[in-house]
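Undergrad: I'd like to ask you about the structure that follows.
Read-outs: derived from the displayed coordinates by stated rules, not from any lab. Note that this is a predicted model, so its numbers are computed, not measured. Glycine also receives a Cβ, built like all others from the backbone with ideal geometry; neighbour counts cover every protein chain displayed.
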Amino acid sequence: MTFLIWNVRGLNDPMKQSSVTKVIRKLKVEVVCLLETRVKIGNLGSIVSSRFRDWTFVNNYSAAVNGRIWLLYRGGWKVEVLHCSDQVITCLFEFGEDVFYFSIVYACNGREDRKRLWLDLINYRSRVGSRPWILAGDFNIIRCPQESSDYDGIQTVSGAMRDFQDCQEILDVVDHPFIGALFT
């Protein structure tokens, strides 16, 4: 199964829509998570029906007026949405014997707003139990200063970074290595 998680920073432009669908086809993606689409709910139907007509579509417009998170999937997956907020959609994915939890995150910029997300994820941890859980997306915070393009060797860990580190530790999750260029 191939996942694509992309902060598209706008999906209203037909050229951007075309670029996204070309990448999806090229990579043979089965699960697509598009963040920060900036698509108003009135334009949602035309984009999904023209660009993603063979896909099943989940979004968080009910919790965020600007629909910050789009989750699209295809294939034989049975997907149950378990939780939806302005910052995260959590689902249970099943295909035969394969079962896992998946949370797609687009965190708010403010520390206090992100604290709500950390609590949501921590509270959800007990439901996940020992099953596999994929947490992915744009957390709008870095774990340590070295992850910043303007790191100068002397910056310290901020309170917001510490919040994120604490959440990761409580959740007992690891940061998967990324593929691609740094700081793009």
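Undergrad: What single numbered condition from (1) surrounded by fewer than 16 Cβ atoms within 10 Å (Cβ to Cβ); (2) in contact (Cβ under 8 Å) with a residue 24 or more places away in the chain; (3) of a type in the set (Lys, Arg) fails to hold for Arg53?
TA: (2)
Undergrad: Right, here's the next one. Could you please give the count of residues in segment 106-131 that are among the hydroxyl-bearing types (Ser, Thr, Tyr) and either touching a residue at least 60 places away in the same chain (Cβ under 8 Å) or in contact with an Asp or Glu (Cβ under 9 Å, 6 or more places away or on another chain) (or both)?
TA: 1
Undergrad: Just wondering, is there one or more residues in segment 132-146 that are among the basic types (Lys, Arg), over 26 Å from Leu34 (Cα atoms), surrounded by fewer than 15 Cβ atoms within 10 Å (Cβ to Cβ) and free of Cβ contacts under 8 Å to residues at least 40 places away in the same chain? Steps first, please.
TA: Taking segment 132-146 first, the residues among the basic types (Lys, Arg) are 143.
Add one more test, that the residue is over 26 Å from Leu34 (Cα atoms), and what stays is none.
Looking for residues that are among the basic types (Lys, Arg), over 26 Å from Leu34 (Cα atoms), surrounded by fewer than 15 Cβ atoms within 10 Å (Cβ to Cβ) and free of Cβ contacts under 8 Å to residues at least 40 places away in the same chain, one finds none in segment 132-146, hence no.
Undergrad: So Tyr151 passes all but one of these: (1) at negative phi; (2) in contact with a Leu (Cβ under 8 Å, 6 or more places away or on another chain). Which condition number does it fail?
TA: Among (1) at negative phi; (2) in contact with a Leu (Cβ under 8 Å, 6 or more places away or on another chain), Tyr151 violates only (2).
Undergrad: Look through Ile154, Ile141 and report the one residue that is in contact with an Asp or Glu (Cβ under 9 Å, 6 or more places away or on another chain) and assigned to a loop (DSSP other than H, G, I, E, B). Show your work before the answer.
TA: Details: Ile154 fails: in contact with an Asp or Glu (Cβ under 9 Å, 6 or more places away or on another chain).
Going through Ile154, Ile141 in turn, just one is in contact with an Asp or Glu (Cβ under 9 Å, 6 or more places away or on another chain) and assigned to a loop (DSSP other than H, G, I, E, B): Ile141.
Undergrad: Could you run through segment 147-169 and say how many residues are touching a residue at least 40 places away in the same chain (Cβ under 8 Å) and either closer than 20 Å to Ile104 by Cβ or surrounded by 15 or more Cβ atoms within 10 Å (Cβ to Cβ) (or both)?
TA: 4
Undergrad: If you don't mind, another one. Identify, please: which residue in segment 12-48 is within 16 Å of the chain's Cα centre (by Cα) and in a loop (DSSP other than H, G, I, E, B) and is, among those, nearest to Asp138 (Cα to Cα)?
TA: Among those residues, the one meeting the criterion is Glu36.
Undergrad: For segment 88-103, which positions are small (Gly, Ala, Ser) and either surrounded by 14 or more Cβ atoms within 10 Å (Cβ to Cβ) or closer than 20 Å to Val65 by Cα (or both)?
TA: Ser103
Undergrad: Of these, Val39, Val23, Val29, Val79, which one is within 17 Å of Phe3 (Cα to Cα) and touching a residue at least 24 places away in the same chain (Cβ under 8 Å)? Talk me through it step by step, then tell me what you get.
TA: On the way: Val39 fails: within 17 Å of Phe3 (Cα to Cα); Val23 fails: touching a residue at least 24 places away in the same chain (Cβ under 8 Å); Val79 fails: touching a residue at least 24 places away in the same chain (Cβ under 8 Å).
Going through Val39, Val23, Val29, Val79 in turn, just one is within 17 Å of Phe3 (Cα to Cα) and touching a residue at least 24 places away in the same chain (Cβ under 8 Å): Val29.
Undergrad: Those residues that are assigned to a loop (DSSP other than H, G, I, E, B), out of contact with any helix residue (DSSP H, G or I) (no Cβ under 8 Å at 6 or more places or on another chain) and on the phi < 0 side of the Ramachandran plot, I need them from segment 67-124; list them, please.
TA: From segment 67-124, those assigned to a loop (DSSP other than H, G, I, E, B) are 67-68, 74-77, 85-87, 96-97, 107-110; that's our starting set.
Keeping just the survivors that are out of contact with any helix residue (DSSP H, G or I) (no Cβ under 8 Å at 6 or more places or on another chain) gives 68, 74-77, 86, 96-97, 109-110.
Arg68, Arg74, Gly76, Trp77, Asp86, Glu97, Asn109, Gly110 - these are the residues of segment 67-124 that are assigned to a loop (DSSP other than H, G, I, E, B), out of contact with any helix residue (DSSP H, G or I) (no Cβ under 8 Å at 6 or more places or on another chain) and on the phi < 0 side of the Ramachandran plot.
Undergrad: Answer yes or no as to whether Asn43 is surrounded by fewer than 18 Cβ atoms within 10 Å (Cβ to Cβ), more than 30 Å from Asn123 (Cβ to Cβ) and not acidic (Asp, Glu).
TA: Yes.
Undergrad: From the list Tyr106, Tyr124, pick out the single residue that is farther than 15 Å from Ala160 by Cβ and either within 15 Å of the chain's Cα centre (by Cα) or surrounded by 19 or more Cβ atoms within 10 Å (Cβ to Cβ) (or both).
TA: Tyr106
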